[in-house]
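Every read-out reported here was derived from the displayed coordinates using simple, explicitly stated rules and does not represent laboratory data. All values reported here derive from a predicted model rather than from experimental measurement.
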Amino acid sequence: MKRAITPGTFDPITHGHLDVITRASQLMDEVIVAVAASPGKNPLFSLEERADLARRATAHLPNVSVEPFEGLLVDFARSRDARVLIKGLRAITDFEYEFQMAALNYELGKDIETVFIMSPPQYMYLSSSIVRELASLNSPVDQFVAPFVAKALQEKYAGLRSGC
Ligand code: PNS
């Protein structure tokens, strides 16, 4: 049984994330989308909200599950008996950060391998932060995220604007 983890902050999950998760699910028997608490990134959505959106976005993939986690990624991977971390790689700008994380994770857990999947051209520029910025400026984000994610963004920013 080949089980992999696709980790991220998923604030919120985009079509780019879904592309990587889908391709990982075709390579592996089982994929766990690990939604990191990432408190240092001060996420827009709560951990449970991010996990819920990721669950809905991957509901059609039978061998994919979603779990929120806190703490070290390698510890989470071990606790789920997974030895492979699968990450998406967009442009060369991602490389240094991902290279550093892969090297660190290797130091922390030599039994765990990081594997990269290249983003297709149409998602090279796409990131959660770009989607958040567009939504915060009331610009439509329907071509980048699932409809319920676009709605959640709209509601979140409407709430923030009204002080709720
Ligand atoms: O989507 P992101 O924010 O680029 O994902 C980064 C993530 C969540 C994979 C990374 O920050 C992470 O692994 N966080 C868990 C804490 C950890 O293990 N840190 C040490 C490795 S950098």
Kirkwood radius from Cα pairs of segment 14-91 plugged into Stokes-Einstein at 10 °C, 1.306 mPa s, gives D in µm²/s equal to 120
Taking a straight Cα-to-Cα line shorter than 21 Å from K41, and setting aside same-chain lysines fewer than 8 residues away, one finds K87, K156
Taking amide H positions as placed in the peptide plane 1.01 Å from N, state which residues far from I112 in sequence (5 or more) or on other chains have amide H under 5 Å from it. none
Extension gain, Q154 back to D75 (0.36 nm per residue minus Cα-Cα distance, nm): 25.0 nm
Rounded to the nearest 500, the 222 nm mean residue ellipticity computed for the chain from DSSP H runs (n ≥ 4, each -39500 (n - 2.57)) alone is -13500 deg cm²/dmol
Under Stokes-Einstein, segment 86-140 at 4 °C and 1.567 mPa s, with its Kirkwood radius over C-alpha pairs, diffuses with a coefficient in µm²/s of 100
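How many percent of Cα pairs in the chain exceed 23 Å? Don't jump to the answer; show the numbers that get you there.
Details: 4883 of 13366 pairs.
Taking all Cα-Cα pairs of the chain, the fraction more than 23 Å apart is 37 percent.
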Using a Gaussian network model of the chain with C-alpha springs under 10 Å, which one of R55, R23, R90 is most mobile by mean-square fluctuation? R23
